[in-house]
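Presented below is the structure to which this report refers.
The values are calculated or read from the model by the stated rules, or taken from the named source; none is laboratory data. Please read all numbers here as calculations on a predicted model, not as lab measurements. Positions of Cβ are backbone-derived with ideal geometry, glycine not excepted, and every protein chain shown enters the neighbour counts.
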Amino acid sequence: MYKIIDGKAHSRGLREEIAAEVARFKQSAGRDIGLAVVLIGDDGASKVYVRNKIKGCEEVGIRSYAYYLPADVSQRQAEDVVAELARDPAVNGILVQLPLPPGLDAQKILSLIPVEKDVDGFCESNMGSLCMSRPCLAACTPNGVMKMLEREGINVSGKRAVVVGRSNIVGKPMAMLLLNADATVTVCHSKTTGLKDICLSADILVAAIGRAKFITADMVKEGAIVIDVGMDRDENGRLCGDVDFENVKDKCSYITPVPGGVGPMTITMLLYNTLAAAKRSAEIV
Ligand code: NAP
């Protein structure tokens, strides 16, 4: 019998813990924790993400600063906003909502976020620290997966983990986090040969591919823990994951659904990272 990992419940529980920690921080440091969110242009999905991030901040007592810049903002103006936030001591975390409108050099803008305020965990320095098992702000989605595993009482050490996907924001940091937790990790991608057999060797299978229901039952070992990062649309336009949930679930010991699995943890981990950044800046660890 499989167990569904309820991302909404874990997210709620973790937000309660974060709210308590934020309150403690404010009392001992005598100041607020601040997250700046920069949205450039008027992409509908980005607006929803930004709104949810601001709502998340309110829920846990983090102060949010929202900057809405028009799509035709110049590279220089966008850089100036981020550079100013980098200097502002009231801002503990900076998030630039991606993707940026065409014509803007995202890499150059992101490079202005100092490592200690990089709450998305995307900068080279944080990624480098993650690879070297040093303290860092890790990317929110894969870090959320690790938190869910931890909260389920799943010990990763010694397990064979297979991560399908090698993007900089999900697959690679996911593999590093699992490796740092002493799993034996294989990373697969679109050029991998023998994908099915590799997936069949997994005690923990993480799908971060971006293709609806790509992981089928014949790719999953009996008793595996299956984590579905995908956010795709099925043939009827409904939200689904990279895993063929209905046919895979009976083979699993644990499985995350889509929606309601990994997704709800991502913004919560942004709040978690913002708290961690504030604690580090105040040396209250
Ligand atoms: P991405 O940058 O497009 O990366 C997809 C990865 O999948 C690539 O490494 C690609 O390999 C690999 N891939 C594609 N086709 C494959 C195949 N046939 N066999 C094996 N590997 C294959 O996507 P992403 O940003 O990592 O996102 C992945 C999924 O997670 C998407 O559905 C996205 O919407 C979702 N997501 C969810 C959250 C959340 O909060 N829940 C957050 C971020 C992303 P190559 O490198 O060889 O091209």
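Please find, within segment 227-267, the residue that is nearest to A202 (Cα to Cα) out of those that are polar (S, T, N, Q) and away from the ligand (no atom under 16 Å from the Cβ).
Let us first name the residues in segment 227-267 that are polar (S, T, N, Q), namely 236, 247, 253, 256, 266.
Narrowing further to those that are away from the ligand (no atom under 16 Å from the Cβ): 236, 247, 253.
Numbers: N236: 30, N247: 17, S253: 12 Å.
Residue satisfying both the conditions and the ranking: S253.
Apart from one condition, P114 fits all of (1) at pLDDT 95 or above; (2) within 16 Å of the ligand (Cβ to nearest atom); the exception is (2). Taken over segment 204-235, the criterion of being surrounded by fewer than 19 Cβ atoms within 10 Å (Cβ to Cβ) and on the phi > 0 side of the Ramachandran plot is satisfied by G210, G223. For segment 62-107, the tally of residues that are free of Cβ contacts under 8 Å to residues at least 12 places away in the same chain, of a type in the set (D, E) and under 16 Å from D118 (Cα atoms) stands at 1.
Report yes if some residue within segment 28-44 is without any contact (Cβ under 8 Å) to a residue 24 or more places away in the chain and within 21 Å of Q97 (Cβ to Cβ); otherwise report no. Yes, that holds for at least one residue. If the condition is being more than 10 Å from the ligand (Cβ to nearest atom) and either surrounded by 16 or more Cβ atoms within 10 Å (Cβ to Cβ) or within 13 Å of K159 (Cα to Cα) (or both), then segment 174-197 contributes A175, M176, L177, L178, L179, N180, A181, D182, A183, T184, V185, T186.
The condition (being touching a Lys or Arg at 6+ places or on another chain (Cβ under 9 Å) and either within 16 Å of the ligand (Cβ to nearest atom) or modelled with pLDDT of 95 or more (or both)) is satisfied by just one residue among A138, A207, A161, A224: A224.
Filter segment 98-111 down to residues that are buried (at least 18 other Cβ atoms within 10 Å of the Cβ) and closer than 18 Å to N126 by Cα and give me whichever is farthest from the chain's Cα centre (by Cα). Step through it out loud before you land on a result.
Kept after step one, since they are buried (at least 18 other Cβ atoms within 10 Å of the Cβ), are these residues of segment 98-111: 100, 104, 109-110.
From what's left, closer than 18 Å to N126 by Cα: 109-110.
On the way: I109: 20, L110: 17 Å.
Among residues in segment 98-111 that are buried (at least 18 other Cβ atoms within 10 Å of the Cβ) and closer than 18 Å to N126 by Cα, the one farthest from the chain's Cα centre (by Cα) is I109.
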